[in-house]
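Worksheet: the structure to be examined is printed underneath.
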There are 2 protein chains.
Amino acid sequence: MRTTQALAAAMLALCLSAIPAASADEGMWTFDSLPVDRLQQAYGFTPDKAWLDRIQKASVKLGEGCSGSVVSGDGLVLTNHHCVANCVQELSTPANNLMAAGFLAPGQREERICPALDASILQSITDVTARVQLAAKDAALSQMAGKRAAEIAMIEAEACGVSRDKRCNVVTLYRGGAYKLYVYDRYTDVRLSFAPERQAAFFGGDPDNFNFPRYAYDMALVRLYKDGKPAKFAHPLQISPGGAKEGDLVFTSGHPGSTDRLLTVAQLQFQRDQFLPWRIEYLAQIRGSLLNEATKGEEEARQVAEALFGIENSVKVFKGQHGALVLPSFFGLKFAEEKRLRDALAADPKLRSKYGDPFADIETIVAAQKASWLPYQMLEQRFGAGSVLLTNARTLIRGAAERGKPDSQRLTEYTASRIALRERAILADAPVHASLERLEIEFWLLKTREYLGADHPAIKTLFGGKTAAEIAGEIVSGSRLDDPAIRRSLWEKPALVASSTDPAIILARRIDAVSREARTAYDAAITSPLSAATEKVAALRFDVLDLSIYPDATSTLRLTYGAVKGWTDPVFGEVKPFTYAAGLWDRATGAYPFNLTAKWAGAKSAITPGLQMNLVTTNDIIGGSSGSPLLDRQGRIVGLVFDGNIHSLGGAFGFDPALNRTVSVSSQILLEGLRKIYGATALADELQHK
Amino acid sequence: MRTTQALAAAMLALCLSAIPAASADEGMWTFDSLPVDRLQQAYGFTPDKAWLDRIQKASVKLGEGCSGSVVSGDGLVLTNHHCVANCVQELSTPANNLMAAGFLAPGQREERICPALDASILQSITDVTARVQLAAKDAALSQMAGKRAAEIAMIEAEACGVSRDKRCNVVTLYRGGAYKLYVYDRYTDVRLSFAPERQAAFFGGDPDNFNFPRYAYDMALVRLYKDGKPAKFAHPLQISPGGAKEGDLVFTSGHPGSTDRLLTVAQLQFQRDQFLPWRIEYLAQIRGSLLNEATKGEEEARQVAEALFGIENSVKVFKGQHGALVLPSFFGLKFAEEKRLRDALAADPKLRSKYGDPFADIETIVAAQKASWLPYQMLEQRFGAGSVLLTNARTLIRGAAERGKPDSQRLTEYTASRIALRERAILADAPVHASLERLEIEFWLLKTREYLGADHPAIKTLFGGKTAAEIAGEIVSGSRLDDPAIRRSLWEKPALVASSTDPAIILARRIDAVSREARTAYDAAITSPLSAATEKVAALRFDVLDLSIYPDATSTLRLTYGAVKGWTDPVFGEVKPFTYAAGLWDRATGAYPFNLTAKWAGAKSAITPGLQMNLVTTNDIIGGSSGSPLLDRQGRIVGLVFDGNIHSLGGAFGFDPALNRTVSVSSQILLEGLRKIYGATALADELQHK
């Protein structure tokens, strides 16, 4: 019989089992710390420096959340449709909906500038750990984060100066275990060359998202420009028309956004019990609103499409993460990992005097976090719930205030090395959708009141005796911040911002002090001490675990390796690694989201039925890896990463080699689609270096 | 330092502390098992049989989810506005929106029939435990629930026959520890006498819901009719115009819907990790859809208002429950409670041979439940997501099928004793709101596909190659089930149902076998064995715990006792027990949901500022208790229960005496409002037995 005591004993027994070494294909490796021995042992392959350099210099960080690769000497970049969907949406009009129709530039001259998209390519990595750590050496816990941020801003400014062709970021790795300066070539002129119909890219829609078998043509081509001309590249990647075979070794090179694999048990419990349930509830509600908004008419549907895609995607991601954290086996592994570190700490007085007990520190901080995270989220992190008008208003207000300060005292995102991103967003000629704005502003106001309570002082400040609908209506009908020229004048003449009577600026101004206060308080009580404690945990890991480990994903360039391989699903049984073109026509029902576009419906006879369509591999990726090339040993593109399976979502917290899979478009359908469905012969030739 | 081992040890230590006896005011007691000693000790009061009988015979079960009390010899019933809101909504038209304007019948002749509301008053309780248990004595686990249900149906049929003036329900108490036959007088003719404007009843709206201080006039009056005349009552309750004072002993008598205080740790974890996060996500999405639907126009807003209220209320309830379950202190208490029982079981071979290990059994069942609960929920429990057309279609299909079977083989809700409720719902002349129907049907289809996956056979059956929007559109525009005459003819001639080409019936018929299968499978694998194991846990509690315990709430009549008392809130500090009329005008901002209605705004000078408005007491209530009278020692009404505070939501799983509070409308404002704001002199006189 299992009494409770027996259960607890069983749990402890579980903890005593050794922590497993990183599983075969686990890891998002930085290019300067690839585990070559392990790779050689598993796959009999060791990339040389030339191989790594060539891949690195062709790997593109696209916008803030995607990847891509340079595939021609003229700066053509292969990525996903969903990575350029915002651009396609912005270039669309009610009369010419490029999301529905797709886009093919007949020639380079017809390529169209993506208003808010930029691209960066990593050129160098420099270790600056000692300098950053030194800057905060004697600071109080609550000051530490600020001191470091100031030093980081200085390092970045020194490296980049005022250049707009470079991007310099000091990246925090291993949760503070290391700081590295990443210097990128930056491209602010990115133009759309080709995008298929969204329905071809996203066949199966939300139901198929994060699922497999899959039949999506989720690709697009953009071109990088420098001084108005296509940027030149000496060593672009080449596409392999044959694709890959089951069992083949494959790599991805891209910019996975964020993982939390080094979180402690207390932090994971906070994710499981507070953060994720809240985030899912928040997103589910606005999802419902957007879905309903789309029923108002075609134009409303067009306006909300991109926001809806992003939110449905996020709902799946967070539900997948929550699903992993409530699996006893998954949490048990995390528990065991932490126990090994805590036991090592308990057994070694030297380690204790060096680190104290960072796990207990984190437990204390997380307990405090439960009381303060929601005001911080709603007033600062989620400000405006995506409203472009409110976001712009805040950027103008803060831009004016922050540019008047020395770099070391500015909010991080307004430091010299980062302000260009803010400026680009403000000046971009992107449309503002009235329906969506109204919906987002009202939603944000109502949820903020719901979470903080009607009697919270911030709520009285925000509402001022009006309803959320009235406030949203006034902003949407009265704000002129939808006009790029007005934004430019306010950005360039900060003094005008203070006296502006624009309703979006008035609201953002009214709440700005409160928002900053929530941020400052949260940074001092949570972020800063958490970062100090987490850094100790990270350092302890280096001391105790004698295996090579990779840093959590941080939107920086990583190489992963793996094999083309299906999996055995606990619910659906054996899943094969490939889908083939014929399956697309079998799956099509005619009804959205399983409908074919006219082009695809008409091309059935032209497409070889046995052509590889999508495939799964064991590479370890996460959101942000979208658009990464899938490469073979020769560094040729055999596929285009666009998704992970449902089990990959737990990858935020840990990698399950049995279930976690990357999903790619095969190079076979990629080329055949361009040639036979879209008649994009010139682009296909360029891709194949013909 | 707290290592993991130390942590686990601390958890075990926690478990060793004794289980506390039920706290002072905890308990929803049946009238035949009131803990009179404890009550006498705490408050120096013991109610006699006459007192109890009088309260019981004046306590009304209203519809399926509310309570009320008979307050005049002519069958006038006092309850909450939100308990009759569906009726008010059904009596409203675009031209005459009673939700907005309120309703006062000038005389009895103008009282208006509530189409779908009925009322029941408990007359007798008979123990039938032995008979029900005997029926399933030798049955296999998977058959047990079915055998019991058949026996229960027979007991109910014997007691009630075909009478429509009675209602006979065998109630499961103590999770199967006892079965009792409840016989009620039933009233199917319930008429609306008075309802204030919804905004007066629900001042503060969703933000204030489950919060306090509070300023709601959440009351309404209906009248019970028998044979077309007001029903007569010899001993109605009387209202006390003076209200109550801080510290006073007060009772509630009503029908709390459902609590889960006897759930095991495994079941609570299932609630915390699977069920509640899912339910919140599901409801949050439809909440967003309804909120946005209401922006389409006044008529759409009117149509969705009641559904939206219900859903926002549920979101708060489930979030409150989840919030309690993620509190380490709350879960620790549950863990300790269970440990005491498991230890007693482990220590006593006699108990082990009598019960086996029901806790381990439940763990196994819950593990299986994780795989099967979602199809069951979506195909059976949540069928149609509230759509009246689909619900009616299913009732017609199942009504036709089930009435052809012997009572013992029918689905529970179609047995002779329960079918009257189905029939009443089908025949009720309630309007069908097209916008709401379309929204609910589409939502249900999409969520079912999302949760079950596009490749699930049920999904192919449901969708048949169409989109959710198309299917919803066809049903809403094509179904005639919005016409009560059509529903009546189909109900009365079951043969017509099989050949009906009504699109709602076609869809419900197409999926009915699959839904029934999901239900049968779930009952056999989960419900039935869970009930057997839970019954053992319940019996073990009787054996081990030498304190009197009350059964989980089951929508049956319960008496609670407590005191008028504020609380010290962990976030907001000290909360006083009363609010006063003056506070309402202070709190009003003019903007929804903090706006006064014209009647209230104009009556400021007429209302005594120091009049009691709302109050909190320590009574132990839960959803379903709404509308219960708050009674003093003399059995006089001093208030009207309409809500609990936010901490009362954890009451689903356990009672926290420090925080859990009941919220009522004081009898002071109740009477003064009727007289001075609504000019409802005759009704106020009737209430006061003048």
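A short reminder: the numbers here are calculations on the coordinates, not readings from a lab. All figures in this text were calculated on a predicted structure; none of them were measured in a lab. Here the Cβ is made from the backbone with ideal geometry for all residues, glycine too, and neighbour counts use every protein chain on show.
Observations
- Projecting the Cα positions of A:Ala347, A:Trp491, A:Pro375 onto the charge dipole of region A:265-544 (unit charges on Cβ atoms of Lys, Arg, Asp and Glu, taken about the Cα centre) puts A:Ala347 furthest along the positive direction.
- Charged-residue dipole, Cβ positions (Lys, Arg, Asp, Glu), the protein assembly as shown about Cα centre, Debye nearest 20: 240
- Prolate/oblate/rounded label for region B:19-149 (Cα gyration tensor, a/c 1.5): oblate
- Among the listed pairs B:Lys137/B:Lys180; A:Lys370/A:Lys447; B:Lys245/B:Lys316; B:Lys319/B:Lys466, those beyond 23 Å (Cα-Cα): B:Lys245/B:Lys316; B:Lys319/B:Lys466
- D_trans [Stokes-Einstein, Kirkwood Rh over alpha-carbon pairs] for region B:480-543, 37 °C, 0.692 mPa s, µm² s⁻¹: 220
- Qualifying lysines (Cα of each under 17 Å from Cα of B:Lys405; at least 8 residues distant if same chain): B:Lys147, B:Lys493
- Net charge contributed by nearby residues that have their C-beta within less than 13 Å of A:Leu611 (K/R +1, D/E -1): +2
- Cα lying deepest toward the dipole's positive end in chain B, options B:Phe330, B:Pro570, B:Tyr187, charges on Cβ: B:Tyr187
- Each copy carries B:Ala601; placing its label point 7 Å along the C-beta direction from Cα gives inter-copy distances of 5.5 nm, listed from smallest up.
- Under the Debye formula (equal points on every Cα, no solvent term), log10 I(q)/I(0) of chain A at q = 0.06, 0.08, 0.12 Å⁻¹: -0.34, -0.63, -1.54
- Formal net charge of residues neighbouring A:Pro431 (Cβ-Cβ distance under 10 Å; K, R +1; D, E -1): -3
- Compactness relative to 2.2 N^0.38 Å, alpha carbon Rg of region B:332-472: 1.50
- All Cα-Cα distances of the protein assembly as shown, cut into 20 Å bins from zero to the largest, leave 9, 35, 37, 17, 2 percent in each bin in turn.
- Chain B residue with Cβ closest to the axis mapping B onto A, distance in whole Å: B:Gly288, 1
- Size of electric dipole in chain B: Cβ of Lys, Arg +1 and of Asp, Glu -1, about Cα centre, debye, nearest 20: 620
- Taken about its Cα centre, region A:265-544 carries a charge dipole of roughly 600 debye when the Cβ of each Lys and Arg holds +1 and the Cβ of each Asp and Glu holds -1.
- Charge sum, other residues only, whose C-beta stays under 14 Å from A:Asp569's C-beta, Lys/Arg counted +1 and Asp/Glu -1: +1
- Projected area averaged over orientations for region B:292-385, convex hull of C-alpha atoms, nm²: 9.4
- Considering only A:Ser664, A:Ile155, A:Cys168, the residue lying farthest towards the positive end of the dipole of chain A is A:Ile155, judged by Cα position with unit charges set on Cβ.
- Fewest-first ordering of A:Arg480, A:Arg167 by other beta carbons within 10 Å of each residue's beta carbon gives A:Arg480, A:Arg167.
- Qualifying aspartates and glutamates (Cα of each under 16 Å from Cα of A:Lys226; at least 8 residues distant if same chain): A:Asp74, A:Glu111, A:Asp118, A:Asp165, A:Asp185, A:Asp189
- Cross-link partners of B:Lys229 among lysines (Cα-Cα below 30 Å; sequence separation of 8 or more within a chain): B:Lys57, B:Lys61, B:Lys166, B:Lys676, B:Lys690
- Helix-only [θ]222 nm of chain B, DSSP H runs n ≥ 4, -39500 (n - 2.57) each, per residue, nearest 500: -14000 deg cm²/dmol
- Calculated SAXS-style log₁₀ I(q)/I(0) at q = 0.08, 0.09, 0.10 Å⁻¹ - region B:265-544, Debye, Cα scatterers: -0.43, -0.54, -0.65
- Whole-angstrom gap from region B:408-467 to region A:353-376, using each part's C-alpha centre: 47
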